[in-house]
1. Mind listing whichever residues of the stretch 52-82 are in contact (Cβ under 8 Å) with a residue 12 or more places away in the chain and near the ligand (Cβ under 10 Å from one of its atoms)?
2. Looking at the stretch 8-41, which of the residues that are under 18 Å from residue 99 (Cβ atoms) and surrounded by 19 or more Cβ atoms within 10 Å (Cβ to Cβ) is farthest from the chain's Cα centre (by Cα)?
3. Of the conditions (1) within 16 Å of the ligand (Cβ to nearest atom); (2) free of Cβ contacts under 8 Å to residues at least 40 places away in the same chain; (3) touching a Leu at 6+ places or on another chain (Cβ under 8 Å); (4) of a type in the set (Val, Ile, Thr), residue 42 fails just one. Which one is it?
4. Which of the residues spanning the stretch 30-56 are touching a Ser or Thr at 6+ places or on another chain (Cβ under 6 Å) and hydrophobic (A, V, I, L, M, F, W, C)?
5. With the condition kept exactly as written, say whether any residue in the stretch 16-23 is among the β-branched types (Val, Ile, Thr) and farther than 13 Å from residue 110 by Cα.
6. Quick one: which strands (runs of 3 or more DSSP E) lie wholly within the stretch 42-103 and hold at least 3 residues that are in contact with a helix residue (DSSP H, G or I) (Cβ under 7 Å, 6 or more places away or on another chain) and surrounded by 13 or more Cβ atoms within 10 Å (Cβ to Cβ)?
7. Could you check the stretch 7-35 and list, in sequence order, the residues that are closer than 30 Å to residue 81 by Cβ and in contact (Cβ under 8 Å) with a residue 60 or more places away in the chain?
8. What tally of residues in the stretch 58-79 results from selecting those that are over 15 Å from residue 96 (Cβ atoms) and among the β-branched types (Val, Ile, Thr)?
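Any read-out appearing in this document is the output of simple, stated calculations on the displayed coordinates, not a laboratory observation. Here the structure is a predicted model, which is why all the values come from computation and not from measurement. As a convention, Cβ positions derive from the backbone with ideal geometry for all residues, glycine included, and neighbour counts pool all protein chains shown.
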Amino acid sequence: MAIARNIVNIAITAAEKEGAKKITRVNVVAGELRGIIPAQLIFSFGLMAENTIASGAYLDLEITPLIGKCKQCGEVFVVKDYCYVCPKCRGEDIQTVSGIELRVKDIEVE
Ligand SMILES: [Zn+2]
C-alpha cells in the first residue's frame with residue numbers, strides 16, 4: 001500500500017509540473033527483490049489514485065531481475081533463488097547491480 005501511495009504521489013507531482021489535467025498511464029520499474037506482486041500493486045494503485053488526477057490511470061509494471069556482479073572476476077549474472085555465488089569462479093563476494101530499484105520511469109498525461 002505504501003509503495004502504491006508513493007507511486008501515485010510521484011506521478012501526480014510530475015503531472016502537475018507539466019500542467020496536466022489527467023494521468024493516463026504510469027510506467028514503473030521495480031526490482032525483483034522488492035517482492036512486488038503485480039496484481040496486488042495494480043489494485044492498490046487503483047485505490048490510491050481514486051479522486052486524484054491519476055484516477056483510472058493504467059499502471060505498467062516492469063520487473064527487473066536480480067543481477068549480481070562478482071567482485072573477484074567481474075562476472076555479471078542473474079541471481080537465482082537468492083544464491084549469491086559467482087557461476088564462473090564460485091566467489092561469494094557479490095555486488096547487487098540491479099533488482100532493488102523502484103522508480104517511476106515515466107508517465108503519460110492528457
Ligand atoms: Zn567470479
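1. 68, 69, 70, 71, 72, 73, 75, 76
2. 41
3. Of the numbered conditions (1) within 16 Å of the ligand (Cβ to nearest atom); (2) free of Cβ contacts under 8 Å to residues at least 40 places away in the same chain; (3) touching a Leu at 6+ places or on another chain (Cβ under 8 Å); (4) of a type in the set (Val, Ile, Thr), the odd one out for residue 42 is (1).
4. Here is the first cut: in the stretch 30-56, the residues touching a Ser or Thr at 6+ places or on another chain (Cβ under 6 Å) are 31, 49.
If the condition is that a residue be touching a Ser or Thr at 6+ places or on another chain (Cβ under 6 Å) and hydrophobic (A, V, I, L, M, F, W, C), then 49 is the only one that fits.
5. The answer is no; no qualifying residue exists.
6. Working: elements: 58-64, 67-70, 76-78, 94-98.
In the stretch 42-103, the matching strands (runs of 3 or more DSSP E) lie at 58-64.
7. 7, 27, 28, 29, 30, 31, 32, 33, 34
8. The qualifying residues number 1.
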